Amino acid sequence: MAPEPLLRIDAIDVFYGDVQVLHGLSLDVGEGEIVTLLGSNGAGKTTTLRAVSGLRRLRAGDIRFRGRSLVGVPAAARATLGIALVPEGRELWPQLTVRENLELGAYCARVRPRAERNVERIFAMFPRLHERSGQLAGSLSGGEQQMCAIARGLMSEPALLMLDEPSLGLAPVMVDLLMRTIGELHAAGTTILLVEQNVRKALEVAQRGTVIETGRVRVEGSASELAANPEIRAAYLGL
């Protein structure tokens, strides 16, 4: 019998008002995997992450984390369980310093006693953030802000790290650095669900992927299978 995946999204429906965005969407993320969720703008990728994190309610279906249903579990409690979302657009506190932003990432009681140790671990992982620890987050470059947002998410010691469009608006050199960082986090044991506009880079770093269209799963498979799929190559890779 196969082990229960870390995250199981089972036939979920999600609405914004009267508009249905997700239609029976199902997706698994196994312990220690990087899974990428691909699709065009408006396909429902961000809504999926928001549903997992508790920011959008389900109209139908179930989301299970470590075998436990998350239906009815509020967003703050999901963070305590080990689910961290790094949102699109970073959403840092611009008038607080880098260190203060990181410290706020350790707000839940489970990790608060280890906050200082985790800050030092983050600074070892992201030396540039160490150099700018006293600088206001709003004054950082786009790439530095994205590193700070990821680092803030790591402060909660997540079992599942969800990244929503982390390369958006970044220069190519920063995208390469970001993807290397994601690979290093995975190598260190972090399970990652990645939404990424740069499909080529996403498939290079991920092990598996799911393509969704208008809130439904279109195709899923290993990253190599998706990269070789003629429809995916034509629609998303321009080949």
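Computed from the coordinates by the stated procedures, all read-outs in this text should not be read as laboratory data. What you see is a predicted model; the values in this text were computed from it and never measured. Neighbour counts are summed over all protein chains in view; Cβ atoms, including those assigned to glycine, are modelled from backbone coordinates with ideal geometry.
For a footprinting-style exposure proxy, rank Met174, Met162 by other Cβ within 10 Å, fewest first. Let's see the in-between values first.
Values: Met174 17, Met162 24.
Fewest-to-most ranking of Met174, Met162: Met174, Met162.
For Glu88, enumerate residues with amide H under 5 Å from its amide H, sequence gap 5+ or separate chain, H modeled in the peptide plane.
When sequence neighbours closer than 5 places are left aside, the close amide H contacts are Asp164.
Test of understanding: ordering Lys45, Lys201 by Cβ neighbours within 10 Å, fewest first, what list do you get? It would help to have the intermediate numbers written out before the result.
Numbers: Lys45 26, Lys201 20.
Result, fewest neighbours first: Lys201, Lys45.
For the pair Ala234 and Glu91, what calculated FRET efficiency results from E = 1/(1 + (r/R0)^6), where r is the Cβ-Cβ distance and R0 = 30 Å, to the nearest 0.05? Let's see the in-between values first.
Numbers: r = 34 Å, r/R0 = 1.13.
FRET efficiency, Glu91 to Ala234: 0.30.
Can you work out the FRET efficiency for the pair Gln135 and Glu4, with r the C-beta to C-beta distance and R0 = 45 Å, to the nearest 0.05? Don't skip to the end; give the middle numbers.
Details: r = 43 Å, r/R0 = 0.95.
With R0 = 45 Å, the Cβ-Cβ based efficiency is 0.55.
Among Leu136, Leu237, Thr214, whose Cα lies farthest out toward the positive end of the dipole of the chain, if unit charges sit on the beta carbon of Lys, Arg (+1) and Asp, Glu (-1)?
Ranked along the dipole, the leading option is Leu136.
Quick one: Tyr236, Tyr107, Tyr16, fewest Cβ neighbours within 10 Å first, how do they rank?
On the way: Tyr236 21, Tyr107 14, Tyr16 9.
Ordered by Cβ neighbours within 10 Å, fewest first: Tyr16, Tyr107, Tyr236.
Under 5 Å between amide H atoms, partner at least 5 residues away or on a different chain: which partners does Phe15 have, H built in plane at 1.01 Å?
It is Val21, Arg59, by chain and number.
Place a +1 charge on the Cβ of each Lys and Arg in the chain and a -1 charge on the Cβ of each Asp and Glu, then give the dipole magnitude about the Cα centre in debye, rounded to the nearest 20. Write out the running numbers ahead of the final one.
Working: 27 positive and 27 negative charges, 92 e Å.
So the magnitude is around 440 debye.
Once fully extended, how much extra length lies between Glu204 and Ala11, figured as 0.36 nm per residue of separation less the alpha-carbon to alpha-carbon distance?
Values: separation 193, 0.36 × 193 = 69.48 nm, distance 2.77 nm.
That pair, Glu204 and Ala11, stretches by 66.7 nm at full extension.
Modelling each spin label as a point 7 Å along the Cα-to-Cβ direction, I'd like the Arg112/Leu177 distance in nm, to one decimal.
With each label placed 7 Å out from Cα toward Cβ, I get 3.4 nm.
By DSSP, what percent of the beta bridges with both residues in segment 92-219 are antiparallel, rounded to the nearest 5? Numbers along the way, then the final one.
Values: 4 of 9 bridges.
The antiparallel proportion sits near 45 percent.
Report, for the chain, the % of DSSP beta bridges that are antiparallel, rounded to 5. Before the final figure, lay out the partial values.
Numbers: 21 of 38 bridges.
About 55 percent, rounded to the nearest 5.
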